[in-house]
1. Enumerate the calculated ³J(HN,Hα) couplings along the range 76-81 in order (Karplus 6.51 cos²θ - 1.76 cosθ + 1.60, θ = phi - 60°), each rounded to whole Hz, writing x wherever the residue is Gly or Pro.
2. Sticking with the crude label model, points 7 Å out along Cα→Cβ, report the distance from ASP59 to LYS145 in nm, one decimal please.
3. Which pairs in the list LYS18/LYS68; LYS68/LYS136; LYS78/LYS117; LYS18/LYS117; LYS117/LYS145; LYS78/LYS145 are over 28 Å apart, alpha-carbon to alpha-carbon?
4. At most 16 other C-beta atoms within 10 Å and a DSSP loop state: those are the exposed trypsin sites (Lys or Arg not before Pro) I care about. Give me the longest piece of the chain that has none.
5. Determine the share of the chain's accessible area contributed by carbon and sulfur atoms, expressed in whole percent, with a 1.4 angstrom probe.
6. May I ask for the net charge around ASP102, where only other residues with Cβ less than 15 Å from the Cβ of ASP102 are counted and Lys, Arg are +1 while Asp, Glu are -1?
7. When the convex hull of the Cα atoms of the range 10-148 is projected onto a plane and the area is averaged over all directions, what value comes out in nm²?
8. Run lengths n ≥ 4 of DSSP H only: what is the helix-derived mean residue ellipticity at 222 nm for the chain, with -39500 (n - 2.57) per run over all residues, to the nearest 500?
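The values are calculated or read from the model by the stated rules, or taken from the named source; none is laboratory data. It should be emphasised that the depicted structure is a prediction, and the values quoted were computed from it without experimental measurement. Methodologically, a virtual Cβ is constructed for each residue, glycine included, from the backbone with ideal geometry; neighbour enumeration extends over all protein chains shown. For accessibility, only protein heavy atoms count, side chains too; no ligands or nucleic acids. Shrake-Rupley method; radii C 1.70, N 1.55, O 1.52, S 1.80 Å.
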Amino acid sequence: MAFGNGQHHILTVLVENKPGVLSRVAGLFSRRAFNIFSLAVSPTEDDRFSRMTVVVDADSAPLEQVVKQLNKLIPVIKITELSSGEGVEREMMLVTVRAPSDLRSHVTELTAIFEAKIVDVGYEAMTIMVVGEPEKLDAFSDLVKPFGIVELQRTGRIALPKLARESTRLRSVKTARG
């Protein structure tokens, strides 16, 4: 599920947490034939709002057009594009991998290398949770593919803007000096 050469827009959209909002936003993209790579939505720290992270194919959807269309929807509060390097992005993947007893240690080693977690174990398979940047999940799934992937599910990206790295104290010193 690689997103390819950065040819996408990552939008975080703050919306009112009301029934039908997700349907309206998804419908907007669908009606305009914008290709969505992933869509993740959940309530924020304030129950009145939800945050959607929408990863849109850049070729199918010029950014300005997407933003204009989203701004026309009443429940949209704020839209932010996170350019490459401006946001902290994460995704979660659950993957069930064939792991009979003779191969289980190999799968367990890969799990440890990727700082993943085994969340379920059966006689012939294991379910593993991997959290990280999308490229990390791509790499993990590529490496376990030879063992046999039984099932795989990814959440889609979630993202927030990176925080400022300069402390308030340093800023005031710089301002005082001119």
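1. Per-residue couplings from phi come out as 7, 9, 8, 10, 10, 8 Hz.
2. So the label points at ASP59 and LYS145 sit 2.0 nm apart.
3. Numbers: LYS18/LYS68 21 Å; LYS68/LYS136 33 Å; LYS78/LYS117 35 Å; LYS18/LYS117 34 Å; LYS117/LYS145 17 Å; LYS78/LYS145 40 Å.
Long pairs (Cα-Cα over 28 Å): LYS68/LYS136; LYS78/LYS117; LYS18/LYS117; LYS78/LYS145.
4. Numbers: sites that count: ARG32, ARG48, LYS72, LYS162, ARG165.
After excluding every exposed loop site, the longest remaining stretch is 73-161.
5. Numbers: 5840 of 10930 Å².
In the chain, the share of accessible area belonging to carbon and sulfur is 53 percent.
6. Details: positive: ARG98, ARG104; negative: GLU109, GLU124.
Within the 15 Å Cβ shell, the charges total 0.
7. Working: hull surface 41.6 nm².
For the range 10-148, averaging the hull's shadow over all directions gives 10.4 nm².
8. Working: 5 runs with 51 residues, N = 178.
Roughly -8500 deg cm²/dmol at 222 nm, from the helical runs in the chain.
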